[in-house]
Structure formats: C-alpha cells, structure tokens
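Below: one structure, written as structure tokens.
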C-alpha cells in the first residue's frame, strides 16, 4: 500500500466516508489567500512566480523576525 493515497491523513472511518462520498470531486478552495479577489475573479495571469509571491502579497515583502520581542 502506498503512503500517499485517497485516504492519506484521514483518521477515521467517518472521515473516509465523507471524503469518498462528498469531497473527493470538489475543487480545493484556499480561503487563506493573499491574492486580490479581483485577480482571482478575472483569472489574472502572473508574469512570474515572483510577481505572484512578492508583488501581490504585502506580508511577504517584510522580513519576518524569529522572536516577536
């Protein structure tokens, strides 16, 4: 049996049943997205991964501090 399969990280029979019968064919929607809704709606084509990652996400432009003190 492969480690990565249809039941990967599902920890209960109920979870497997829900995934198999309901969620398997649904699209993956990432609600934690820093893109502008307009870009998503208009299916904006980014010129590079840099534009996608840095230019559109203000949080990525600032260095992160290891400790918050």
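The values are calculated or read from the model by the stated rules, or taken from the named source; none is laboratory data. Predicted model only: the values in this text are computed from it and were never measured. So basically every Cβ, Gly included, is an ideal-geometry build from the backbone, and we count neighbours across all protein chains shown.
Tabulated values for the structure
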quantity	calculated
Residue count for segment 1-15, restricted to those that are touching a helix residue (DSSP H, G or I) at 6+ places or on another chain (Cβ under 6 Å) and not in a loop (DSSP other than H, G, I, E, B)	0
Neighbours by Cβ (under 6 Å, 6+ apart or cross-chain): first from segment 22-36, farther than 17 Å from residue 6 by Cβ; second surrounded by 11 or more Cβ atoms within 10 Å (Cβ to Cβ) and modelled with pLDDT under 90	34/57; 35/56
Residues satisfying the stated conditions in segment 16-28, i.e. part of a helix (DSSP H, G or I) and under 20 Å from the mean Cα position of the chain (by Cα)	19, 22, 23
Search result, residues across segment 35-69 that are surrounded by 12 or more Cβ atoms within 10 Å (Cβ to Cβ), in a loop (DSSP other than H, G, I, E, B) and modelled with pLDDT under 75	56, 57
